[in-house]
Amino acid sequence: MQNKEILRKLQEYNKILDELQAAGVLNSANLVSSYGEYVACKRLHLTRNSNSNQKGYDALDKKDKKYQIKARKDSRRSKGMVFLIKREKIKDFNYLILVKFDFYWDIKYMLKLSQKDAKREWSNGRINETIDLVKKFKI
C-alpha cells in the first residue's frame, strides 16, 4: 500500500469518527467503550453521563441509579475474555453493564450485574467471561 493511500484511509477514518461523535454515538477517544455505552444506554433507556471523564459511572436510569458500562470487542486474533475493573470502583455504581461485541460490531451479549453480583464475580482486577456468567446475567 502506498503512503498516499494510507493517508487517504486514515483521513476517511477521522471523518467517520467525527460524524459518529457529532451524532452523539461516541463521546471519548475509546471507540469500543464509547460505542458500548451508547448501545447500552439506548437498549436500557439510560441517560448517558455527559461528562465522559466522570469516574465511577457512565449512565443513570429514571430512578437515578448509577450504571458503569464496560465493553469489549473481538478482534481477528483474539476474543476479549475479561472485563477489567478496579475493586474500589465497584462501590461507585448500582449496576454494572458488560457489553460484548463480535468482530463485526454485532452484540454477542449484554449482561447486567448488581453491585453485589459484581463484587461476587470480581477476581484479581477483572470479571472473567464464562458461560455461567453469561447465562446468569444476560439481558
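The values are calculated or read from the model by the stated rules, or taken from the named source; none is laboratory data. In this text, all values refer to a predicted model and were calculated from it rather than measured experimentally. No Cβ is skipped: glycine too gets one built from the backbone with ideal geometry, and neighbour counts run over all protein chains shown.
Laid out as a table, the results:
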{"item": "Flag if Ile97 is closer than 20 Å to Thr47 by Cα, in a helix (DSSP H, G or I) and touching a Phe, Trp or Tyr at 6+ places or on another chain (Cβ under 8 Å)", "result": "no"}
{"item": "Condition broken by Val39, with the remaining ones in (1) part of a strand (DSSP E or B); (2) touching a residue at least 60 places away in the same chain (Cβ under 8 Å) satisfied", "result": "(1)"}
{"item": "Residue count for the range 120-139, restricted to those that are assigned to a helix (DSSP H, G or I) and exposed (fewer than 14 other Cβ atoms within 10 Å of the Cβ)", "result": "5"}
{"item": "Filter result for the condition that a residue is part of a loop (DSSP other than H, G, I, E, B) and either within 24 Å of Lys135 (Cβ to Cβ) or among the basic types (Lys, Arg) (or both), over Lys108, Lys116, Lys63", "result": "Lys63"}
{"item": "Selection within the range 24-70 - of a type in the set (Asp, Glu) and surrounded by 19 or more Cβ atoms within 10 Å (Cβ to Cβ)", "result": "Glu37, Asp58"}
{"item": "Pair list, Cβ < 9 Å and 6+ apart or interchain, from the range 71-90 residues that are within 18 Å of Gly125 (Cβ to Cβ) and exposed (fewer than 15 other Cβ atoms within 10 Å of the Cβ) to residues that are modelled with pLDDT of 85 or more and of a type in the set (Gly, Ala, Ser)", "result": "Val82/Gly125; Leu84/Gly125; Lys86/Gly125; Arg87/Gly125"}
{"item": "Answer from Phe101, Phe137 - the residue that is among the hydrophobic types (A, V, I, L, M, F, W, C), in contact with a Lys or Arg (Cβ under 9 Å, 6 or more places away or on another chain) and under 29 Å from Tyr13 (Cβ atoms)", "result": "Phe101"}
{"item": "Any hit, the range 107-114, residues being among the aliphatic types (A, V, I, L, M) and surrounded by fewer than 19 Cβ atoms within 10 Å (Cβ to Cβ)", "result": "yes"}
{"item": "Among (1) in a loop (DSSP other than H, G, I, E, B); (2) over 16 Å from Lys112 (Cβ atoms) - the single one Leu20 does not satisfy", "result": "(1)"}
